[in-house]
Structures are given as C-alpha cells and as structure tokens.
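Student: Quick one: structure below, then a few questions.
No value in this document is a laboratory result; all are computed from the given coordinates. What you are looking at is a predicted structure, and each value in this text was computed from that prediction instead of being measured. FYI the Cβ positions are ideal-geometry reconstructions off the backbone, even for glycines, and counts take in every protein chain you see.
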Amino acid sequence: MTENGKNIVLKRHNLIVKGGQDSREYRGLELTNGVRVLLVSDPTTDKSAAALDVKVGHLMDPWELPGLAHFCEHMLFLGTAKYPSENEYSKFLAAHAGSSNAFTSTDHTNYHFDVKPEQLPGALDRFVQFFLAPQFTETATEREVCAVDSEHSNNLNNDMWRLLQVDRSRSRPGHDYGKFGTGNKQTLLVDARKKGIEPRDALLQFHKKWYSSDIMSCCIIGRESLDELEGYLGTLGFDAIENKKVARQVWSEYPYGPEQLGKKVEVVPIKDTRLLTLSFPFPDLNGEYETQPGHYITHLLGHEGTGSLLSELKRLGWVSSLQAGNHTQAAGFGVFDVTMDLSTEGLDHVDDIVQLVFNYIGLLQRSGPQQWIQDELAELSAVKFRFKDKETPINMATSVAATLQYIPFENILSSKYLLTKFEPERIKELLATLTPANMSYRVVSQKFKGQEGNTTEPVYGTEIRVTDIDKTTFNKFEQALKTEHPALHLPEKNKFIATNFEQKARESVKSEHPRLISDDGWSRVWFKQDDEYKMPKQETKMALTTPMVAQNPRTSLISSLWLWCLSDTLTEETYNADLAGLKCQLESSAFGVQLRVHGYDEKQALFVKHITNRMTNFKIDRTRFDVLFESLKRALTNHAFSQPYSLTQHYSQLVLLDKAWSKEQLLAVCDSVKLEDVQEFAKDMLKAFHLELFVHGNSTEKEALELSRELTSILKTVAPNSRPLFRNEHTPRRELQLENGSEYLYRHLQKTHDVGCVEVMYQIGVENNYDNAVIGLVDQLIREPAFNTLRTTEALGYIVWTGSRHSAGTISLNIIVQGPKSVDHVLERIEAFLESVHKEIVDMPQDEFDKQIAGMISRLEEKPKTLSGRFRRFWNEIECRQYNFARREDEVKVLKTIKKDDVLKIWKQKIAKGAEERRKLAVFVHGKNEGKSVVDEIIKKNITDGKKEQEVQYTDQLRQFLPLYGRPKAAIPLKPIGVDPLEHREPETKSKY
C-alpha cells in the first residue's frame, strides 16, 4: 500500500493458520516504521475493535519514579494535540456503542477499544493520536495522580496485590522485577518533587523514549475488506508513529538467585485465607509454542483425577484445591508455581505437603516424558482449535496485539492451541529444575500475625517473615524426589475425547427462540436447536425448584454445603471430561439447585444423567466434610473484608428483597449443622420439587424429551412418596416498593479498607419494555459524563459505574462510586452531577441525541458470539420466568419511537430532586477512618441541617411497613410451575339429604 506515493508496508503475511470454523479473513503487515499489524475482516461483525500493544511496562520505570509507566497509560486518555478535549475519545466511543480500556503489565502496555462498525475510522483516528501527540497537560497531570492513588488505595487491602508485592520485594537487589508498578501520589508527586523531578516532564521523557513504533504491535477488526482496513493505516497516520530504534527488552537474569531461594516465607493476609505456594524460577517459554513443554508438566502436576497429587492431598484432609502452572513474568524469565488451599490440619502439615509435591515431581522425572500424553494433549488442543468459539472483537484484538510481540504472524491464532512437535529432552530439562534447591515456598495464614521475627513489606504494609529452609527439612524434600509414593501414579487415558462432530438431523419446526415442548407438572422442558453457530456443541441446564432451600438460613446453608460436597466428590469423575471439553457446574440458587453441562454434544446426555444419579447416591466422606465445612465458614467470614462496592450491593439486596439471608445469619446457624443433615439433604429436597430443563445446541427435540423423562425418573426415586411441587409452595422473590418522594440511607461500617463506597439507586418500578428502554437510554446518556465528572474532574474515586439494575422483576437506575472521599460528600456530588447532566440533556442538539439512540440500539442488537452467550440470554428469561425471549427486539422498537421529551419526562417524574415519584435508596460503606463516633456526628449534623434522607438502622426495618412490587407478567402466558390438586379432584357427589 502507498500513501502519498510512499509505500508504508514493508512486508505482508497472508498465510495465517486459522480454525476450521473460522470465516474471518486475516492479513499480517509489517509497516516501514516497524509496527506489526494484524488486520481482521469480518463482514458479519456487529462491533469493530482495535488494540495496540507497546513493549514497555512498569519494569522500565525509573527507580526514582515508581508507577510512571502506569501513570503514562492513564494520561494518554486525557487529550491529544488533534483532539485536545480530555474526554473526546471516551465521549466518541460512548456515543457509538463503544467502550475502551488499557492495562500496564511488567513489560508491555495494552490499549484497546470497540465501537459500532461504521464508526471504526473515527475511533481509530482518535486512538492513534495517543501514540503521535499526547498532551500531558499540567492540570490533567495533577488530577490523574489522584486517580492512580485511588486505584492503589483500592488495592491496599487486597491479598492478591499484597502477595504479588511480597514476591517482588524478595527479588535480587537492583532487579527490575522488584519495582512497585502501580505507583501512588506519594511516589509520583510528593517524592518526585522532593527529588527535583516534575511529573509532567518525566511523562514526556518516558513517552518520548519508549513509545516507539518498532516495539508496537496492533490488531484491527472491522467489517471492511482487508484492503480497506489497510488503507486506514496510512490515512490515519499509523505509519507516522516515530521509530526511535528501541529494541524489545529481554531480561537475562532471574529475579531470584541462590540468596533468594531455599527460603520459607510466612505471610499474614487480610482475609482468613490459608495458602501454600511452591515457586521455582522457570524459563520464558513464550517462544516454544510448537512444543509447549510447560503445558505437559502443568497438565500432570495440576491433574485432579485418580492417582493425582491433589487426590492424595484431599484424601489426607490437608488441601481443598490445587493449581499448578508456569507463566512468563516478563520477557526472559518466568516462574512455575504450585498453589494449594490449606485446611486447618493442612497448615500443621506444610512440610509433609511439600514432600508429597516432590514425590510427584520425582515420579515425573523417573517416568520420563510419555509420547501418548503429548499426543492426547495435542488431540485435545486440535479439536479445541478446530471448533473454537468466536471471540468478541475487543477480546480478540487485545489478546492478538499482545501476542504479536513474540509470535510470528503465521501462528498468531494457533500458537496457544496446536502442539506440532514433541521434545522429550526439553521436558526433562525443565523437570530437572523443579528441585528443593531451586525453590522457595510461601505459607499464608493469619496465625503468623505478630510472631517474632516478622517484618513489614514497605508498600502495602504486609507482615512477613523470611527464614532459611533448615537442613533437616531440606534433606527430607531431597529424599522425597527419590522416593516412590504408593498412591501417586500417572493419569489414565482420557475416554471422554469427542470423536463425532456431525450435525444432528434438522428439526422441521424452526424457531428463533426456545420452545416449550413439555409441561406436565413435574417438569417444564424448553428446547432450541442451534441453527446459528453450527458447532458440535450443546448446553444443558437443569433447575430444581424446591421450597425447603429458601425456608430459613439453616436450610440455605445446608443446600450450599451439600453442593460443595457433591462437587468435591465428583472432581475425580468429571476431571477428564472437563479436559475433553465437557464441563459441568453445580450452583445453588435462591430456591433450589442448578446443574449446567456444556461442551461437545456427543456424550453430554449420558454425562448429565450420570451427574444427576450421583446427586442422589453420593456418600460424604467425614474428612472431606470437615475440610469443606470449614472452608465454607471462612468464605462467609471473609465476605466482610470484600471490596466496599461488593458490600454495597450485598446490603442493598438485604434492604430491598423480601427474603434474603445475610452472611452473619448463615454463620450463626453453622453450629447446628451436622454431616448427617447434609447427607440426607437430597431426600429432603426431593420430597417435593419441580424441574425446569433447557437444551440448546446440536440436539433434537426427541433427545431433549427423552433426557427430561430420564432425569425426572431418577429424581422421583430419591425420596419415598415424592410428589410434584404445589403451585403455592413457590413464590418468586419480590422487591420492596419505596414510597413516592422517599429518600432512604443505609450505612455500613467496615474496618478493612481506607476507601468507602456509595451505591445510590432510583427505583423506577416493575419492568416493562418502555421503562427498560428509556432507563437503558438514560444510563447511556449519563455513563461517560459520570466517569468524566466524578472520576476524572472531581477525582472522587477510581471506581465509577452507572447502570440499570434489574432485580426481582423491577428496574432502577444505579450509580456506584468508590474512593477515598467521605461517602456523604460523594452522595452530594452525585446529586449535583445528576442536576448538571440533566441540563446537558435538555440542551443536547437533536443530532447528538439521535446518535445516542443509535448507539443504544446498536448495543441491544449486538449478537452473542458463542452458543454459550446465546444460551445465557435465553436462560435468563427462563430463570426469571418472564420468557420474554424477544426482549431486546421489543426494546429496540420502543427506542425507535423515543423522543428527548420522553427521557426528560421520566427524569422529571422519577429521578430529579423533588420529583413526585422519586424513590431513592443510598447504601454507604464507610472507609475505615470513618468509625462509629465519626458517623454518629455526621448523622447528628445531617439532622440539624435538615437533610431529607431517612436513616435506616436495620436491613429488615423497611419490610415492616412497605408494600412489595408485583412482578411483570410473563411474555408467554403459562400456569405457575407445579400442580394444584384441586384442578384434578373428582367432582363432588351431591348429598341426597
């Protein structure tokens, strides 16, 4: 391609390996300035997307300015020379059904967006300016430091971030891996200026040094032909990105040498977690994609079938879960980790567990690499690639742009899947590195708090103690490598690998939506044959509704524990099926339990029946029960330490739903639950039940009906005198209806996080197509301004979210802001924002309003990319029993008739301050600095100042006097689930007297 007579393409790559079901077209380009670009033409896409990856990350930060790469990523969004308005890019995307994001990793930074297909050129024009002429204005620099600081504040008491920084702090002195990558106000502003560094100058220098075309890779996906997409590169200036001759940096030295290895690291977490991680320095294997030797070792060490390491650790009652695997930390070095979740007893047997790990590693070393295992992995991966689901454009663009940094164009799509070579010697080399001398292990537990010898990691303040592995223990580990363990052996061959990929006979009845094919009181069966994706895949979901589950906190707890025990028991039986692409999930719901099986259809019906049978006859092992029950209690306890925005959503449910149990209530009944209660649960649950089944995919109506009959038959046999549910035994959840003009406020105090959170909702009413469409449009209109005003301009917090909330058949408009400012102040600013954005909508030109409508319609018309995505939409309608499978199409019809006055009318009626039908609930989670005494003073002041919000003291307070909303009428007029004996009663015989 030439632009102004200049050829901007150095080399083209047209031979790109793609999956058998992949209809997209691809072209790889190396531009003359060094940018590597993959173009993807997909005429059917309803979203276009692009991503650009720069091979610079926080490991390249100057030591004197931690967080600079991350700060630079933030700043690029805030205006460029061509588009100086700080929110021009995000505003353009928001108006055209788009979204954007970015992330900074150790050695690369990735920017990405998606947008309506016809707006791709406009979005690319704004996007490429990030890499040509960013502004880095003084005012934006000062403000965005606060956003970075708020992001860091969110992470301060997050155990994942804390453990990561503990690992970094332990690296060799002077190794780049030891840097603090996020940065905060202290490092980027306060300390910087003390050192005579002006942050804006440092940003300009960093961008000038590192943002070079020869270390950039890009992916663009659009409806256009490949030639048209290629044309954008020149007209929009991708070729004008400066080549500063920057080589892709590779680290030749591992972060951990002999002085850092051979250590035991004890860490005190925030949550009550117990983890053991063995870490081994490992090569960067990104370039070894044809053989994937790390995958071979991961597959065996992480196996969960019979004879596996996990199976033996679970039998001993020491471990609940295990993950093993290698990952590249930055170009040139990686790590192999084995991480286990420990039971109480397991914490007392840490060294025994480490010995068992080395027993299994020794087994692998002695057995040597097995050709049949590699062949099986290759077969599984080849089938997965052949029938790979279509990725969303933004996910694909993000992944491809990052992977292009080290994978050739030809293999860019296949490198994660196709195993084309077997190199046993390389596997042996890697296994030989998994030794006690080349390892450190980390134990995480609150029992280490305050112990002698603890130090504090300086960035997050985590308590740690690092000690040498003593000689005796080290010798035990060495000996374990050479010792055979009778319970450990290699896995058996996988019998679940699919071989039949034919499409089933086509149904004579064609339907866009699921059809009800059976409704007999015991069960309701929905069926939809896939005629869209045409893959050999299927989704089956079974929902059991049973009244006892929701009766009280105790039965709710027992049902959860029963599911945990069932899932645990099934692990060995289902693991090979999972590897072969046939997956199952067991979930508890508000009124029962659910089973979802998805993947290849060949053996799916048999698999569903097997799991259903096991539901009815599995025996709970005492040791595993004790471990799992303790894990469940910890999960309930740890909820209190969750991010504030998670807590606001939890408490808003407790305030508004007619029946919901708090974590504290569930914990309070734990002592009354015994193993026998859980073992008998299935019998109790299935005394009266209703089954709702949905089969979607490569199946037939006949098969779905047969499956339904067999499942119902299995479930009927569990309890003596089992019967179908009576209709009045199940009442769907409903939500409290706040009074017109009411403003309620519920506060929760927590002692974990510095940041607080506000969730404010404005109840609109019972769901209907009109309100759903209009409130969805209101969200579309306020989303980008909320982010720009509350996060960027006012710096109230890092997390700012708006959305329409659908709950128990009602709809509300919700806004969430989490950050370091006082939550009372944040609520005031949210209200002020709503007043200002209302004025903007009033003044909005008609053509801008029309763009917003078009953007909203585009979002609603976006099709799921996979069978699973389509299934989820259908299932949501079945689960809520509204059966409005054409919901999106109906809302689009409404939107095509909407005028600005319609939006302003509902705003004036239900959202604006003083609105006649305003029904507002704000849920506060205070930052830990706002304790009870501070909050009491705030409440007193609010009363003195005449604030309108009524304080809710208890989550169930409003239930005493407020009515419940009704539920929307179902789109398909069906009887309630279950049976009514009165309808089948014999007619009464008239008395002769």
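Student: Return the subset of 609/865; 609/702; 11/244 for which the Cα-Cα distance in this structure is over 23 Å, preserving the input order.
Tutor: 609/865
Student: How high is the relative contact order of the range 515-729? Use alpha-carbon pairs under 8 Å, at least six apart in sequence, and give a whole percent.
Tutor: The normalised contact order for the range 515-729 reaches 39 percent.
Student: Could you work out how far the C-alpha centroid of the range 470-496 sits from that of the range 663-712, in angstrom?
Tutor: Value for the Cα centre distance between the two parts: 38 Å.
Student: Residue 674: which aspartates and glutamates have alpha carbons under 17 Å from its alpha carbon, excluding same-chain residues fewer than 8 sequence positions away?
Tutor: Excluding near neighbours in sequence, the set is 621, 626, 630, 684.
Student: Something else: Considering only the other residues whose Cβ falls under 12 Å of the Cβ of residue 385, what net charge follows from Lys and Arg at +1 and Asp and Glu at -1?
Tutor: Combined, the nearby Lys, Arg, Asp and Glu give +2.
Student: Work out, step by step, the length gained on full extension between residue 516 and residue 484: first 0.36 nm times the residue separation, then minus their alpha carbon distance; give nm to one decimal.
Tutor: Gain in length upon complete extension: 5.8 nm.
Student: By counting other Cβ atoms within 10 Å of each Cβ, how are 146, 880 ranked from fewest to most?
Tutor: Ranking 146, 880 by Cβ neighbours within 10 Å, fewest first, gives 880, 146.
Student: Name the residue farthest towards the positive end of the dipole of the range 31-81 from the options 78, 50, 32, assuming +1 on Cβ of Lys and Arg, -1 on Cβ of Asp and Glu, about the Cα centre.
Tutor: 32
Student: Here is the link list: 416/482; 264/932; 476/633; 751/920; 18/55; 245/390. Which ones come out longer than 30 Å on Cα distance?
Tutor: 416/482; 264/932; 476/633; 245/390
Student: Shifting gears a bit: Which of 421, 449 comes first, and how do the rest follow, when ranked by fewest Cβ neighbours within 10 Å?
Tutor: Result, fewest neighbours first: 449, 421.
Student: Gain in length, residue 379 to residue 421, computed as 0.36 nm per residue apart minus the alpha-carbon separation, to one decimal in nm?
Tutor: Separation in residues times 0.36 nm, less the Cα-Cα distance, equals 13.9 nm.
Student: Now for a separate question. Please figure out what share of the DSSP beta bridges in the range 742-960 is antiparallel and state it in percent, rounded to the nearest 5.
Tutor: Percentage antiparallel, nearest 5: 70.
Student: What whole-number value in cubic angstrom gives the convex hull volume per residue for the C-alpha atoms of the range 742-960?
Tutor: Expressed per residue, the convex hull around the Cα atoms of the range 742-960 is 152 Å³.
Student: Here's something else I'd like to know. Which pairs, out of 314/388; 271/821; 179/263, put more than 27 Å between their alpha-carbon atoms?
Tutor: Going by Cα-Cα distance, 314/388 fall outside the 27 Å limit.
Student: How much length, in nm to one decimal, is gained on full extension between residue 713 and residue 133, taken as 0.36 nm per residue of separation minus their Cα-Cα distance?
Tutor: 201.9 nm
Student: Hey, how many Å between the Cα centroid of the range 1-71 and the Cα centroid of the range 121-158?
Tutor: One Cα centre to the other: 21 Å.
Student: Given only helices, namely DSSP H runs of n ≥ 4 each adding -39500 (n - 2.57), what is the per-residue ellipticity at 222 nm of the chain, to the nearest 500 deg cm²/dmol?
Tutor: Result for the chain: -11500 deg cm²/dmol, rounded to the nearest 500.
Student: How high is the relative contact order of the range 742-960, given as a whole-number percent (alpha carbon pairs under 8 Å, six or more residues apart)?
Tutor: 41
Student: Oh, and also: If a/c stays under 1.5 just call it rounded; otherwise compare a/b with b/c (prolate if a/b is bigger, oblate if not). Do that for the chain, with a ≥ b ≥ c from the square roots of the Cα gyration tensor eigenvalues.
Tutor: It is rounded, given that a/c, with a ≥ b ≥ c, falls under 1.5.
Student: Would you mind classifying the range 172-305 by shape? Square roots of the alpha carbon gyration tensor eigenvalues, ordered a ≥ b ≥ c; an a/c under 1.5 is rounded, otherwise it is prolate if a/b is larger than b/c and oblate if not.
Tutor: Taking the square roots of the gyration eigenvalues as a ≥ b ≥ c, the range 172-305 is oblate.
Student: What fraction of the Cα pairs in the range 609-667, stated in percent, has a spacing above 14 angstrom?
Tutor: 70
Student: Further question on the same structure: Sum up the charges of everything whose Cβ sits under 9 Å from the Cβ of residue 197, counting Lys and Arg as +1 and Asp and Glu as -1, but leave residue 197 out.
Tutor: Counting the neighbours of residue 197, the net charge comes to -1.
Student: Give the residues of the range 301-318 whose amide nitrogen is closer than 17 Å to a point set 7 Å from the Cα of residue 626 in the direction of its Cβ.
Tutor: Once the point is set 7 Å along Cα→Cβ of residue 626, 313-318 turn out to lie under 17 Å by backbone N, inside the range 301-318.
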